[in-house]
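Each remark here refers to the structure printed beneath this line.
The values are calculated or read from the model by the stated rules, or taken from the named source; none is laboratory data. All of these numbers come straight from a predicted model, not from anything done at the bench. Quick reminder, even Gly has a Cβ in these numbers, built from the backbone with ideal geometry, and neighbours come from all protein chains shown. Ligands, DNA and RNA are excluded from the accessible area calculation, which covers all protein heavy atoms including side chains. Shrake-Rupley method; radii C 1.70, N 1.55, O 1.52, S 1.80 Å.
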Amino acid sequence: MIIIKTPQEIEKMRQSGRILAHVFRELMEIVRAGVKTGELDKRAFSLIKKAGAEPAFLNFRGYPKSICTSVNEQVVHGIPGEYKLNDGDLLSIDIGVLFDSYYSDMTVTVGVGKQSRENLKLIRVTREALNLGIKEMVCGKRLYDISARIQEYVEKNGFSVVRDLVGHGIGRSLHEDPQIPNFGESSTGPLLEEGMVFALEPMVNRGNYKVKTLNDNWTVVTADGKTSCHFEHTVAITDGGPEILTKV
Ligand code: MG
């Protein structure tokens, strides 16, 4: 069941999203070659706490850190630690925040130092796929209009969308109904209504869409070892159209 949020609840989610966007702004300042992903995690933890919020991922189903840092062929759920960022790495940072009982969820992928042309295109296409998906989040459209739009744009550009991982509803839980695949058939699925809040998150692979999970039981990587990219926003459907609650 898709939970409809009241305007009061959306206001709380707006506050949660604002904190998360602030954390990203601060964190991006220190991303560079030579920095350990574990240092990014520590910094994010202190920024979230300082804002009076909680890191949503810490201890979530046993996850050991506050943020996910996925590098190059890692798609999602990379665990921060001793890895030192290198010039040319593609780094995605995924963070969830809990504030006043409401969650927000956001991911940004950045190139560390100089990037290949193909990586730059991958970043551009994934970011734009998210934007196009968000534009479909209006009353009267159907859920898989979002999915279809993302898939169409990504595949038109020669990349593939991950099938095993999907976006989700969000609110008083980090993951609520519905699941939002980044592939699907337009004009199908539940009708979109004012008060729905979704975490849209296209995960786009340079090569094949297939993924596998490493022995740490968290890190998801591309099966073919090619680079992957991920962007995510928490977005509310309002009477004025889609509102990005995690806008930086
Ligand atoms: Mg998410």
Taking the residues in segment 130-179 that are among the acidic types (Asp, Glu) and away from the ligand (no atom under 16 Å from the Cβ) as candidates, determine which candidate is most open to solvent (accessible area, probe 1.4 Å). Glu152
Which members of segment 30-57 meet the condition of being part of a loop (DSSP other than H, G, I, E, B), more than 16 Å from the chain's Cα centre (by Cα) and over 19 Å from Gly111 (Cβ atoms)? Ala51, Gly52, Ala53
Need pairs with beta-carbon distance below 7 Å; first residue aromatic (Phe, Trp, Tyr) and within segment 156-174, second away from the ligand (no atom under 15 Å from the Cβ) and in a loop (DSSP other than H, G, I, E, B); sequence gap 6+ or separate chains. Phe159/Arg206
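Residue-wise test of (1) open to solvent by less than 40 Å² (accessible area, probe 1.4 Å); (2) on the phi > 0 side of the Ramachandran plot; (3) in contact (Cβ under 8 Å) with a residue 40 or more places away in the chain; (4) in contact with a helix residue (DSSP H, G or I) (Cβ under 8 Å, 6 or more places away or on another chain).
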| residue | (1), (2), (3), (4) |
| --- | --- |
| Lys5 | yes, no, yes, yes |
| Arg14 | no, no, yes, no |
| Glu26 | no, no, no, yes |
| Ile30 | no, no, no, yes |
| Val35 | yes, no, yes, no |
| Leu40 | yes, no, yes, yes |
| Leu47 | yes, no, no, yes |
If I ask for residues that are open to solvent by less than 30 Å² (accessible area, probe 1.4 Å), over 16 Å from Thr246 (Cα atoms) and touching a Lys or Arg at 6+ places or on another chain (Cβ under 8 Å), which ones from segment 88-118 would you list? Gly88, Val112
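Among the residues of segment 180-196, write down those that are of a type in the set (Val, Ile, Thr) and either in contact with a Leu (Cβ under 7 Å, 6 or more places away or on another chain) or within 11 Å of the ligand (Cβ to nearest atom) (or both).
Ile180
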